[in-house]
1. In the neighborhood of S75, defined by Cβ-to-Cβ distances under 14 Å, what is the net charge if each Lys or Arg adds +1 and each Asp or Glu adds -1?
2. Identify the chymotrypsin sites (Phe, Trp or Tyr not before Pro) of region 97-190 meeting these criteria: DSSP loop state and at most 15 other C-beta atoms within 10 Å of the C-beta.
3. With Cβ to Cβ distances under 14 Å as the rule, what net charge do the other residues near T126 carry (K, R +1; D, E -1)?
4. With a Förster radius of 22 Å, plug the Cβ-Cβ distance of R163 and T126 into 1/(1 + (r/R0)^6) and report the FRET value to the nearest 0.05.
5. Please list, in order along region 57-64, the HN-Hα scalar couplings obtained from phi with the Karplus expression 6.51 cos²θ - 1.76 cosθ + 1.60 (θ = phi - 60°), rounded to whole Hz, x for Gly and Pro.
6. Please list log₁₀ I(q)/I(0) at q = 0.17, 0.25, 0.29 Å⁻¹ for region 41-100, using the Debye equation with identical point scatterers on the alpha-carbon positions.
7. How large is the convex hull of the C-alpha atoms of region 40-143 per residue, in Å³?
8. Stretched out fully, how many nm does the piece from E94 to A44 gain, at 0.36 nm a residue minus the Cα gap?
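Please treat every number below as a calculation from the coordinates, not as lab data. Model, not experiment: these values are computed from the prediction. Cβ placement follows ideal geometry from the backbone for every residue including glycine, while neighbour counts extend to all protein chains displayed.
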Amino acid sequence: MAKGAMMLLVLFTVLSAVTEAQLQHGPGHSTLARRHRQSADPEAPPTHLHFYFHDTVSGASPSAVRVAGPADPSSGTFFGMVTVMDDPLTEGPEPGSAAVGRAQGLYMGADQAELGFLQTMNLVLTSGPYNGSTLAVLGRNCPLTDVREMPVVGGTGAFRFARGYAQARTHWLDFMTGDATVEYDVYVMH
Ligand SMILES: *[C@@H]1O[C@H](CO)[C@@H](O)[C@H](O)[C@H]1NC(C)=O
């Protein structure tokens with residue numbers, strides 16, 4: 001019994017030591033992370049990405065599909081709706097403009113009082129210096145607001161350790177179908 005208690009005490013002490021070390025130095029202070037941080041210039045301005053996002057819900061080949069309907073279809077807030085997207089991102093506002101990537105993820109009606117989506121997506125870049133890198137975005141998007149801001153919570157490739165934010169502005173919206181073109185400005189530290 002006493003032996004068991006001693007073992008527990010030892011285990012507890014070891015666990016607290018580990019937690020304390022993590023709190024003091026943080027898990028990001030591995031050699032790899034430190035090397036990466038040292039190579040990045042802390043004074044460097046954030047990388048600015050600018051593109052247009054095309055969300056097509058209508059027609060024969062939509063890029064965004066509703067997989068769950070709102071709880072109350074008459075409410076107008078779309079609470080409970082889930083839409084999965086694989087939306088093209090282009091350089092200019094025209095759908096035929098040069099492709100720069102895809103926005104892959106979903107938006108869901110998450111607000112009972114107004115039109116407010118939870119939007120989570122990977123911005124998958126397919127051209128330019130960041131071709132092959134991705135940014136992970138997770139935030140609140142109220143599509144009827146002029147400027148919506150969503151956090152960039154991470155990234156891959158050139159965007160490892162990314163932190164930042166995206167601003168979305170509706171460029172064009174068809175109220176009949178819900179199809180929209182949205183201008184994005186994304187600012188990232190990485
Ligand atoms: C992006 O990278 C892929 C894979 O390396 C390559 O096949 C493709 O041609 C590149 N696209 C552009 C526009 O550079």
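1. Result for the local shell: -3.
2. Answer by residue number: F161, F175.
3. Details: positive: R102; negative: D86, D87, E91.
Net of charged neighbours comes to -2.
4. E(calc), rounded to 0.05, equals 0.45.
5. Once θ is set to phi - 60°, the couplings for region 57-64 become 9, 9, x, 7, 10, x, 9, 9 Hz.
6. -0.74, -0.99, -1.12
7. Spelled out: Cα convex hull of region 40-143, divided by residues, is 127 Å³.
8. Value of the extension gain: 14.8 nm.
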